[in-house]
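Asks: Structure in structure tokens, see below.
The values are calculated or read from the model by the stated rules, or taken from the named source; none is laboratory data. Since the model is a prediction, treat every value here as computed from it, not as a measurement. Reconstructed Cβ throughout: ideal geometry from the backbone, glycine too, with neighbour counts over all protein chains shown.
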Amino acid sequence: MKTVDRNRRNRHETRTITVFDATTAVAETEWQPHVAAIIQVERDVNVRQADTGFWKPSLETSIYLSNRPVAAKIAADAIRKHWGIENKSHYTRDVTFREDASRIRTNPGIFARLRTIAYNVLRCSQSETMPQDRFAALGGLDAVLAMVFSRER
């Protein structure tokens, strides 16, 4: 299966998705019960260089594993949705909450969950931008509850 994105952020990207049956590749290995399909995504990307106006080509190949047989179209959609989540959630969490800069080393999972809850509250009641809403939430629990319950859904 082939998909094409043209003129997105000064990029032209062509993705070729191929799904292989993994039965013979993982036979008699510890992976046999876990891998049913191997998904190969080739990205042929041309990025426009602002300073020269020329296009810089690159070719990337990614390999994904699936625990069940999957069609190429479904695999392509799942991979694109995954990166949508990555760009929307994880990038925002790192930039707004500075999660990657966290120095918490004891029970970091607890604080990651608290940041996730805060992210979800702010995302659901977002007014302008996430940093502005985060600043407004500094007013305490009453401010956060006001943010959540004052917005029309």
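Asks: Search region 92-114 for residues that are outside the structural domain of C124 (by TED's automatic domain parsing) and pair each with any residue that is exposed (fewer than 12 other Cβ atoms within 10 Å of the Cβ) when their beta-carbon atoms are under 8 Å apart and the residues are at least 6 apart or on different chains.
Replies: Pairs found: D94/D100.
Asks: Within region 43-91, track down each residue that is among the small types (G, A, S) and over 18 Å from A22 (Cα atoms).
Replies: Scanning region 43-91 gives A50, G53, S58, A78, G84, S89.
Asks: Continuing with this model, one more query. What are the residue pairs meeting all of these: first residue in region 54-77, first residue outside the structural domain of Q32 (by TED's automatic domain parsing) and within 17 Å of D44 (Cα to Cα), second residue among the basic types (K, R) and outside any strand (DSSP E or B), Cβ atoms under 7 Å, and 6 or more apart or on different chains?
Replies: none
Asks: Which is among the β-branched types (V, I, T) and more than 20 Å from the chain's Cα centre (by Cα), of V35, V95, V45?
Replies: Of the residues listed, the single one that is among the β-branched types (V, I, T) and more than 20 Å from the chain's Cα centre (by Cα) is V35.
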